[in-house]
Amino acid sequence: MEPRVCVLSGGTGTPKLLRGLRELEADFFVIVNTGEDRELLGLHISPDVDTVLYTLAGIVNDETWYGVDGDSFRGHEFLRERLGVDESLRIGDVDRAFKQYRTYLMKCKGMRLSEAVDELRRRLGIRWKVYPMTDDRVVTIIVTDEGEMHFHEFWVERRGQPSVDDVRYDGSEEASAPSEAVDDLLRSDVVLIGPSNPVTSIGPILSISDLRHAIREKPVVVVSPFIGNEPVSGPAGKLMRAVGFEPNVRGLIDYYRGWGIDPDVLIMDERDDVEPPEDVEVVRTDTIMKKEEDSIRLAKEVMSVLREVSRA
Ligand code: GDP
């Protein structure tokens, strides 16, 4: 029997792996970070949820892992050039229509985020369930020497320059997960923490207590987003240091243990020369996913680990 897998995801590393799991037609569902959600010109923006939906629908822009493949930007340019409105995010025309429809479902039809996401999922013909981590407002705040800011401001507008003192998930103590996500998680065989930024993509998910408690009951497999003392891309290294962990596989395992989650298997890159913790089972392989074939190859290896772990 194939295991039923709960995947925790951000918006770049794990979607690359989801692209492979999708091709294998694996049995999984995804719980996605919403700590970077916000409103822009009245549109509800849920960057990681959208990347996961576009990935599973086979329409993601897999150069940037943001937006829809082949999208045009006439709306964005019209806003800037004719109306003098500079959106801080370059939203494509199709992507904008998609976000507009979700905003309509939420604002005019009164749907919760998870209901609107499920409606969009069905309309896109995606068979795998996708759950935002919460319907409540949880915002990842980057505390820097230049003040507190939203992740988008830190990473996109300020290009990750400010030095970081801490990271907070505002609203997470009062937030709860969609009940369907918790039910599905409790019924799953194994949790896969993809190669996402631990601090800004997975941490927010674990900050929701009902998800954290359910995950503690399950076998957990982690794919590392680090090679040596650097993340494959993005600010994960700087953010890990800011919250007191090494930016490598040791820090990764310590970080999850700090949440009370003890990974059963660590899948790390074969080029990584950092000594992993002794008390975790390690599988080494090529974890870099440039093309779809890479995603499929890694997804096959991950599935064989998940099968083993869920049988044990
Ligand atoms: P975000 O929401 O855009 O920050 O995306 P994620 O948190 O899902 O992914 C960002 C993380 O993915 C970074 O820490 C990268 O190191 C990692 N990453 C990106 N591409 C790859 C890859 O091909 N392989 C591995 N192992 N990690 C990757």
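Of note:
- Across the stretch 173-221, the mean sequence separation of Cα contacts (distance under 8 Å, 6 or more residues apart), normalised by length, yields a relative contact order of 55 percent.
- The charge dipole of the stretch 1-119, taken about its Cα centre with unit charges on the Cβ of Lys, Arg, Asp and Glu (plus for the first two, minus for the last two), comes to roughly 340 debye.
- Going by accessible surface with a 1.4 Å probe and the largest first, 107, 129 read 107, 129.
- Projected label distance in nm at residue 90 and residue 78, using a 7 Å step from Cα toward the beta-carbon: 1.9 nm
- Dipole magnitude for the stretch 154-312: computed about the Cα centre from +1 point charges on Lys and Arg Cβ and -1 point charges on Asp and Glu Cβ, it is near 300 debye.
- Dividing the convex hull volume of the alpha carbon atoms of the stretch 83-127 by its residue count gives 97 Å³ per residue.
- Solvent-accessible area per residue in the stretch 42-121 equals 47 Å², computed with a 1.4 angstrom probe and all protein chains kept.
- Helix 113-123 vs. the chain, principal-axis angle (Cα, 0 to 90°, nearest 10): 90 degrees
- Counting only Cβ charges, +1 for Lys and Arg and -1 for Asp and Glu, the dipole size of the chain around its Cα centre is about 920 debye.
- Angle between the chain longest axis and helix 13-23 axis [Cα atoms, degrees, rounded to 10]: 80 degrees
- Derived from the Cα gyration tensor, the three semi-axes of the equivalent ellipsoid of the stretch 56-145 are 24, 19, 16 Å, largest first.
- Enclosed volume per residue, in Å³, of the convex hull spanned by Cα atoms of the chain: 126 Å³
- Entry comment: accessible area of the stretch 181-309 is 39 Å² per residue, from protein heavy atoms only and a probe of 1.4 Å.
- Structure remark: mean-square fluctuation, Gaussian network model of the chain, C-alpha springs under 10 Å; the largest value among 190, 52, 280 belongs to 280.
- Estimated 222 nm signal from helices in the chain, with DSSP H stretches of n ≥ 4 weighted -39500 (n - 2.57), rounded to 500: -11000 deg cm²/dmol
- For the stretch 238-276 versus the stretch 1-70, the spacing of their alpha-carbon centroids is 23 Å.
- Legend: residue pairs 107/129; 218/291; 218/238, Cα-Cα distance threshold 25 Å; pairs beyond threshold, 218/291; 218/238.
- For the stretch 62-169, the share of accessible area belonging to carbon and sulfur comes to 45 percent (1.4 Å probe, ligands and nucleic acids excluded).
The values are calculated or read from the model by the stated rules, or taken from the named source; none is laboratory data. Quantities reported herein were computed from a predicted structural model and do not represent experimental measurements. Using ideal geometry, Cβ is built from the backbone for each residue, glycine included, and neighbour counts are taken over all protein chains shown. Heads up: the accessible areas ignore ligands, DNA and RNA and are worked out on the full protein's heavy atoms, side chains in. Shrake-Rupley method; radii C 1.70, N 1.55, O 1.52, S 1.80 Å.
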